[in-house]
Each structure stands twice: as C-alpha cells, then as structure tokens.
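Working notes for the structure below.
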Amino acid sequence: MSGALGDVGRTAALVAKQHGARVMAGVRGNQLEEAQQIGLDATVALDDDAAIQQMGKVDAIADTIGGSVIGKVLSQLKDGGRLATVVGKPEAASRRSDIHGVEVYCKPDAKRLYALALNVQQGDLQIPIARTLPLADVREAQTLVENGKAGGKVVLIP
C-alpha cells in the first residue's frame, strides 16, 4: 500500500485488512515509526531503494502516490500480480504484460460510507486532523491546503 498514511491509503489498508489481506505500509523513511502504529502487517520505506528490493515479491499493490515510486515498487509485483491505482495507470505498468492493472475511481456508496463512519467511531480508522478552523476562515484553509502548508487535513467548523 503506497501512501499508507494518507486518507485514501489508510482507508484502503483498513478495507484490505477487513477482507483478510496481509498489508504492508509503504511510506517515507521518516514515517516508518508512525506507520508501524496503524496496525498493518509490515512497513517499507519507499524512498529507500534497498528496502524496496528487500521487501520481497508481493501479490498486489494499491497505489495512491504514482510517479517514480510506483515504478520502483512494481519490480516487486509477482508475475500475474494485481495493481490498483487511484492516480492513473503508471507508464511502468504498461511495460509489464504479466500484471493486471486497474484504475480505481470513487463512486457514491452510502453503505460503504456508513461502514467507514462506524470504523472511525470504533477507532479502527483514524484520519489525523492537522488544523481546525471556523467556516468563516474557508479562504485561509483553502490557501493552506493549496500551498501545502496545512500539515495534514483541515476541518472547517460552522
């Protein structure tokens, strides 16, 4: 699971675990300690080429990052493996005819959203909130997010 500490990564990892998958958190090296605390089976530093090579072959990859990272990680996908991506099919995947790739898009699903809300309520899914601002500060919030200065998720309160 690349980007395992992001919102999409955390959610996908939880759902994969609920379906019986063994999930490895792919994160930056400076995030390894935090990743080890979210209840997944293993961690790997995606900015460490040696660590990627040492992780061994995997059956599937869920990609929430894209870019050069997925090109490196694809070398560890077993023949016949599966790639699911939310950031568009990577060019590196088109060079491998032995894998099954799919682009995943969001679609409204009230039952799934309710189940995820229960996971949040029960503490199984935690999305860290960096800032809480009043709704009147929506412009400030948007600027923080657009400039990458939010440090995480921003919640607006009416």
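For Lys57, a cut-off of 18 angstrom between C-alpha atoms picks up these lysines, skipping any fewer than 8 places away in its own chain: Lys72, Lys78. Averaging 1/r over every pair of different alpha carbons in the range 31-102 and inverting the result gives a Kirkwood radius of 12.7 Å. If r is the Cβ-Cβ distance from Glu140 to Asp7 and R0 is 25 Å, what FRET efficiency results, to the nearest 0.05? Efficiency at R0 = 25 Å is approximately 0.75. For the pair Asn119 and Ala150, a Förster radius of 22 Å applied to the C-beta separation gives a FRET efficiency near 0.40, rounded to the nearest 0.05.
Full extension of the segment from Tyr105 to Ala42, taken as 0.36 nm per residue of separation minus the current Cα-Cα distance, would add 20.1 nm. The Cβ shell under 9 Å around Lys153 holds other residues with a net charge of 0, Lys and Arg each +1, Asp and Glu each -1.
When the chain is treated as a GNM, springs tying every alpha-carbon pair under 10 Å, which of Gly88, Gly20, Gly71 comes out with the largest mean-square fluctuation? Answer for the Gaussian network model of the chain: Gly20.
Dipole of the chain computed with +1 at Lys/Arg Cβ and -1 at Asp/Glu Cβ about the Cα centre; of Pro134, Tyr114, Gly67, farthest Cα towards the positive end is Tyr114.
Between Glu34 and Ala60, the simple label model (points 7 Å from Cα in the Cβ direction) yields a spacing of 2.6 nm. Hydrodynamic estimate: the Kirkwood radius of the range 2-147 over Cα pairs, inserted into Stokes-Einstein at 20 °C and 1.002 mPa s, corresponds to D of 129 µm²/s. When only the Cβ of Lys, Arg, Asp and Glu is charged (+1, +1, -1, -1), the dipole of the range 1-145 relative to its Cα centre reaches about 380 debye. Looking at the range 24-158 alone, DSSP beta bridges between its own residues are antiparallel in about 0 percent of cases. Electrostatic tally near Ile99: other residues with Cβ closer than 14 Å to its Cβ, Lys and Arg +1, Asp and Glu -1, net 0. Counting Lys and Arg as +1 and Asp and Glu as -1 over every other residue whose Cβ lies under 12 Å from the Cβ of Glu140, the net charge comes to +1.
Each value in this text was obtained by applying a stated rule to the coordinates, not by laboratory testing. No experiment lies behind these values; they were computed from the predicted model shown. A quick note on method: Cβ atoms are made from the backbone with ideal geometry, for glycine too, and the neighbour counts reach across all protein chains shown.
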